[in-house]
Structure formats: C-alpha cells, structure tokens
Amino acid sequence: MDTQQGNVPNKKASRSHRVWRKSEEDALMKCMVAEISDKWSADNGFKLGFFTLLEKEMAKIMPESNIKASPHINSKVKYWRRTYAKICDIVGLSGFGWDHVNKRIDVDDDVWKIYEEANPKKVKEVGGKRFPYFDDWEIIFGKDRANGCGAEAPA
C-alpha cells in the first residue's frame with residue numbers, strides 16, 4: 001500500500017453497512033410493536049432475547065432479507081432510539097412542538113434559525129425531516145425517557 005501519497009485505508013469505509021429497505025423497516029417496526037410488552041421491556045431498554053425474537057419474526061416475514069439480531073436489528077434500534085431522543089429533546093424546548101399529522105417538528109422559522117445557530121449538528125439530523133415511526137417509537141422507547149415528549153395539553 002502506498003501511504004506516501006495518502007492512500008490510507010478508511011476504517012469506516014471498510015466496515016460493512018447495511019442499507020435497510022423501507023419494507024424491512026416497516027416489518028421490523030411492526031414486529032417490535034406487536035412483541036413489546038412488560039415481558040420484553042426493561043428500565044434501560046430491552047431484555048435479553050428480544051432482538052433474537054425479532055430476528056426470528058423477521059425471517060418469517062422476509063426470509064430473503066437475512067436480517068440478524070446482531071448487528072442489523074441492534075444497530076437499527078440504536079439509531080431509532082437516538083433519533084427519538086433528539087426529537088424529544090427539541091420538542092421539549094420552548095417554541096417547539098410536534099406535528100402529529102405530518103410527523104415532523106413544528107416550529108416557527110425564527111425560533112428554528114436561533115436553534116440552528118446553536119445546534120447545527122442536531123438540525124442537520126432532524127431538521128425538516130418526516131419521522132413516520134414516531135408514534136411507534138413513543139410506544140417502544142417512551143418508558144425510557146421521562147421528559148414530557150409527546151405530552152399534550154388538556155385541550
């Protein structure tokens with residue numbers, strides 16, 4: 001390998017990365033919502049064996065996908081949990097809300113610009129995007145976060 005010209009291998013690029021199809025994500029979410037219960041839910045996530053159960057259910061629904069508990073389901077659920085947490089953190093701030101119809105953060109443009117200046121990374125990750133699984137995430141991850149996310153006024 002010629003390292004003098006800067007041809008150093010990129011560790012991230014060499015790591016395998018699974019690109020999920022929408023149908024696979026839909027199937028995983030359907031399985032998670034169907035199986036989530038006190039039996040599988042723990043104070044800090046999921047009990048041992050839950051992802052293995054999901055792997056078996058996914059194999060029944062989509063045998064050609066070859067989705068495994070580790071690393072596939074594990075990494076997808078971690079990503080979903082982090083995204084849910086970011087959305088909840090933002091929605092919990094003054095001036096922000098959640099648009100239940102369009103499944104996106106609801107905020108005035110001026111408030112968004114101020115937030116964007118202070119948090120460019122978060123804005124890039126969640127700004128203007130739709131999150132169709134948000135209601136399901138509330139069911140699955142909601143117990144893990146007591147921050148008022150998803151709370152509604154009496155009206």
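The values are calculated or read from the model by the stated rules, or taken from the named source; none is laboratory data. Everything numeric in this text was worked out from a predicted model, so none of it was measured. Backbone-built Cβ (ideal geometry, glycine too); neighbour counts: all protein chains shown. Just the protein is used for accessible areas: all its heavy atoms, side chains included, with ligands, DNA and RNA removed. Shrake-Rupley method; radii C 1.70, N 1.55, O 1.52, S 1.80 Å.
Here are the numbers for the structure shown:
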| read-out | value |
| --- | --- |
| Förster radius 41 Å - calculated FRET efficiency between Asn102 and Thr52 (Cβ-Cβ, nearest 0.05) | 0.70 |
| Pair Glu117, Asp135: separation of 7 Å Cα→Cβ label points (nm) | 3.7 nm |
| Pairs beyond 27 Å (Cα-Cα), from Lys22/Lys60; Lys30/Lys121; Lys68/Lys103; Lys60/Lys86; Lys39/Lys103; Lys22/Lys56 | Lys30/Lys121; Lys68/Lys103; Lys60/Lys86; Lys39/Lys103 |
| Cα gyration tensor category, rounded, prolate or oblate, for the stretch 45-130 with a/c compared to 1.5 | prolate |
| Surface accessible to a 1.4 Å probe, Val101 within the full protein complex, Å² | 120 Å² |
